[in-house]
Protein chains: 2
Amino acid sequence: MPSRSRKKSSPAELLSLNNHQSAYTKAGVNVALGNEFKSGIGKIVRQTHGPEVLGGIGGFGGLFQPDFKKRNIQHPVLVSSTDGVGTKLKIAFATNCHHTIGADLVNHCINDILVTGAEPLFFLDYIAAAKLTPDVVRSLLSGLSRACKVSHCALIGGETAQMPGLYEPGEYDLAGTIVGVVDRKKLLDGSRVSVGDFLIGIPSNGLHTNGYTLARHILFKKMKLEFSSKPQGLTTSLQRELLKIHRSYLPEFQAMTALGANKIHAAAHITGGGLIDNLPRVLPKTCDALIDTNSWRLPGIFKLLARGGALDPLEMYRVFNMGIGMVFIVPQKESLIIAKKLKGKIIGRIIQGHGEVQLEAPKQLME
Amino acid sequence: MPSRSRKKSSPAELLSLNNHQSAYTKAGVNVALGNEFKSGIGKIVRQTHGPEVLGGIGGFGGLFQPDFKKRNIQHPVLVSSTDGVGTKLKIAFATNCHHTIGADLVNHCINDILVTGAEPLFFLDYIAAAKLTPDVVRSLLSGLSRACKVSHCALIGGETAQMPGLYEPGEYDLAGTIVGVVDRKKLLDGSRVSVGDFLIGIPSNGLHTNGYTLARHILFKKMKLEFSSKPQGLTTSLQRELLKIHRSYLPEFQAMTALGANKIHAAAHITGGGLIDNLPRVLPKTCDALIDTNSWRLPGIFKLLARGGALDPLEMYRVFNMGIGMVFIVPQKESLIIAKKLKGKIIGRIIQGHGEVQLEAPKQLME
């Protein structure tokens, strides 16, 4: 934003605010660089904006006027979630690859609100670093933008914070907040789940964004692998495997809507805590989820981690998604059709219980 | 969330998931500790929840059903903002004082949406650390909660992320996202501002949350002051001065609403970038804001920073709020009444220009 003082407005003085010699820059923060980003951000994020986004970039708040009528929503419930990408960031730092981690974050957040029945409205990001590097921020924002655009979610605001001394040079943190909307009568809260329902697991494409601290510990400290390694059981290098983008399940939810709104009794996004901690979020207190861990093929990365880490199988199911990124709980009689439609597997069923998860045959992963 | 495996469900094995010897803990992340926080959080945040908040804690998304009718809003525009508290965090770390920084964040975010005419609906936080310390997280959440409650803003969700290796032990980052609502016809976007309008400045109570990197550099590196120091011109110790909570201007906006909705032509929250960068956000391209920097008394902390840092006055107005935390742009004929009502000062006026800020007499601060 151009700015000047009435009594001190020579070009040289203005320049002095924008170069690297200002006192604020010396202390570690470059205000002018921050503003340059802000103007560059406009082009990248504007491609995610539809007619519901009001105003331009640079205001104090992002403005979004939801068209509830067009969205066919009578009693809007706003559904929101804040998340980060955990130490998957460390993989991005180590490989200097920053253009996919934004999509990891957006897709993670989208999945978190989809399970309530909501559709995404808008997203805000938070990027914090000791010093903002234009190329890195541009990569991050491009990744965020692309993922938002695909899911018709407006990237409506964000903060790029320069905090010298809080982050290591070359590192950053990335977090985001999504807001979506669901009609009150379509809200999925687990209350429809009952004994006899079936669980359909939809594959993950890898670790998604959870368990990276443990995975890095096993793969790089214990097993002493390299990013370029292609260990037995993986179809790609470790770098590509570990940077695979967290899958968005929006297409599966859209397919379910096409099948008929009341087909889903509940859905759970399998993130940190795995099947064991995430399914109970949508289980009634009188039901358990009984899961046959032999009903799907464990992807190579999890076998590798089990082998290399000599981990307790039970703990693995609590840290990693183990190849299942989303679980739909559906009526038994519809389960085969739905599983086929969504390219998922029937992985278990709802039995009487106490709102917990029971795993059958968790030992297979050690084979 | 209790969880168990059907074939591995002895209390000893369950315990092994909850103690500090699990592989995930050894790698630096304590899942059980994370869950313990999550259950403790409930009590603290629930006091911010009114009837518009649906569901409990622990779901995938925060649920908020805004009562637009009760709020007298016909065409809702959602206004959102994400922010952090910058390196004011470093003051909290150094003084081991974590119960006020949450309110800094909430109030900062509230002010950012108030200037669009919006009222707060809900807030989500993001806390990231190498290791979560229960006491610190509890302090942070209590601060967030208190500030949310005062402003009738529901603390509806959040993420507490454990990221070993990204943060120094004892340090953390704190960010947040606010969502508010304004009726389309009451949206403040600067379009009502015209030549002849007056600017009313409402005092800040200190640095708020901006300029801390430079301030710390000057006070502690250059001037070698201590937290317990009480330098000339300050009425309190440096620790207390630097931890003063970012003032919320919600009461001033409520007072303006009571005076009549169309009294405000625009408002600007004076944060990073100071008066020089923040006022242009609400100025038409044909108007400048002419500010008489002699029209208010510069608080002691800014004089101290000017003296100790030997800073270019112009740069100070671009880094610090300089004692003005909020600016209202109002019709000239109402300005005296409004200034009196809000305990503010008339600090300038709108003249023809190019959407920029002109400062009169910025040199006073060196005296």
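A few comments on the model shown:
- Cα shape, the stretch B:31-186, gyration tensor, a/c 1.5 rule: prolate
- Placing unit charges on the Cβ atoms of the charged side chains and taking the dipole of the protein assembly as shown about its Cα centre, the candidate lying farthest along the positive direction among A:HIS49, A:PHE60, B:PRO66 is B:PRO66.
- Residue-averaged 222 nm ellipticity for chain B, from DSSP H runs of 4+ at -39500 (n - 2.57), nearest 500: -9000 deg cm²/dmol
- In the stretch A:195-312, lysine pairs with alpha-carbon atoms under 20 angstrom apart (chain gap of 8 or more, or interchain): 8
- Value of relative contact order over chain B, rounded to a whole percent, pairs C-alpha under 8 Å and six or more apart: 19
- Stokes-Einstein D in µm²/s, Kirkwood radius over Cα pairs - chain B at 10 °C with 1.306 mPa s viscosity: 71
- Charging the Cβ of each Asp and Glu at -1 and of each Lys and Arg at +1, and nothing else, the dipole of the stretch A:29-186 about its Cα centre rounds to 540 debye.
- For the stretch A:215-224, 3J(HN,Hα) per residue [Karplus equation, 6.51 cos²θ - 1.76 cosθ + 1.60, θ = phi - 60°, Hz, x = Gly/Pro]: 4, 4, 4, 5, 6, 9, 8, 6, 8, 6
- If you plug the beta carbon distance of A:GLN232 and A:ALA361 into 1/(1 + (r/R0)^6) with R0 = 25 Å, you get a FRET efficiency near 0.60.
- Trypsin sites (Lys or Arg not before Pro) within the stretch B:175-258, DSSP loop, no more than 10 other Cβ atoms inside 10 Å: B:LYS224
- Degrees, to the nearest 10: B:31-46 long Cα axis against longest axis of chain B: 50
- Helix axis angle, A:134-150 relative to chain A longest principal axis, alpha carbon, degrees: 40
- Amide H to amide H distances under 5 Å link A:ARG247 with A:ASN205, where only residues 5 or more positions off or on other chains count and H is placed in the peptide plane.
- Rounded to the nearest 20 debye, dipole of chain B from Cβ charges on Lys, Arg, Asp, Glu: 700
- Judged by the mean number of other Cβ atoms found within 10 Å, the most tightly packed of the peptides A:208-214, A:68-74 leads the ranking A:208-214, A:68-74.
- For A:ILE337 and A:LYS185, the difference between the fully extended length at 0.36 nm per residue and the C-alpha to C-alpha distance is 52.3 nm.
- Cα pair distances exceeding 16 angstrom across the stretch B:256-341, given as percent: 59
- Measuring from each Cβ of chain B to the axis that turns chain B onto chain A, the shortest distance belongs to B:THR177, 2 (residue, then whole Å).
- Per-residue average of Cβ from other chains inside 10 Å of A:308-321: 4
- Among B:TYR317, B:SER194, B:ALA94 the positive-end extreme of the charge dipole of chain B (Cβ point charges): B:ALA94
- Copy-to-copy label distances for B:THR236, where each label lies 7 Å from Cα along Cα-to-Cβ, are 5.4 nm in order of increasing length.
- Based on the Stokes-Einstein relation at 10 °C and a viscosity of 1.306 mPa s, and on the Kirkwood radius from alpha carbon pairs, the stretch A:108-206 is assigned a translational diffusion coefficient of 100 µm²/s.
- Long-range HN-HN contacts of B:ALA266 with modeled amide H, under 5 Å: B:ILE329
- Relative to the dominant Cα principal axis of chain B, helix B:250-259 is inclined by about 50°.
- Per-copy distances of the A:ILE337 label point, shortest first, in nm (7 angstrom along Cα→Cβ): 6.7
- Candidate aspartates and glutamates for bridging to B:LYS340, where Cα separation is under 17 Å - those fewer than 8 sequence places away on the same chain excluded: B:ASP197, B:GLU252
- Gyration tensor over the Cα atoms of the stretch A:156-215: the corresponding equivalent ellipsoid has semi-axes (square roots of 5 times the eigenvalues, largest first) of 37, 21, 9 Å.
- Residue among B:LEU188, B:LEU63, B:LEU89 with the largest mean-square fluctuation in a Gaussian network model of chain B, springs linking Cα atoms under 10 Å: B:LEU63
- Compactness index (Cα Rg / 2.2 N^0.38 Å), the stretch B:203-361: 1.09
- Hydrodynamic radius of the stretch A:127-266 per Kirkwood, over alpha carbon pairs, in Å: 19.0
- For the residues of A:163-169, the average number of beta carbons from a partner chain within 10 Å of their own beta carbon is 6.
- Per residue of B:352-359, other chain Cβ atoms within 10 Å of the residue Cβ number 4 on average.
- Percent of alpha-carbon pairs separated by more than 17 Å within the stretch A:221-297: 68
- With the alpha-carbon atoms of the protein assembly as shown aligned to their principal axes, the span from lowest to highest coordinate is 77, 54, 41 Å, starting with the largest.
- Cβ-vector label at 7 Å, A:LYS185, separations to other copies in nm: 3.0
- At q = 0.23, 0.27, 0.28, 0.29 Å⁻¹, base-10 log of I(q)/I(0) for the stretch A:191-255 (Debye sum, equal scatterers on each alpha carbon): -1.03, -1.25, -1.30, -1.33
- Computed magnitude of the charge dipole of the protein assembly as shown (debye, nearest 20; Cβ of K, R +1, Cβ of D, E -1): 280
- Sites B:CYS97 and A:PHE68 - FRET efficiency at Förster radius 30 Å, r taken between beta-carbons, to 0.05: 0.10
Coordinate-derived values only; no laboratory data. Everything numeric here is computed off the predicted structure, so don't read it as measured data. With ideal geometry, Cβ positions are generated from the backbone for all residues, glycine too; neighbour counts draw on all protein chains shown.
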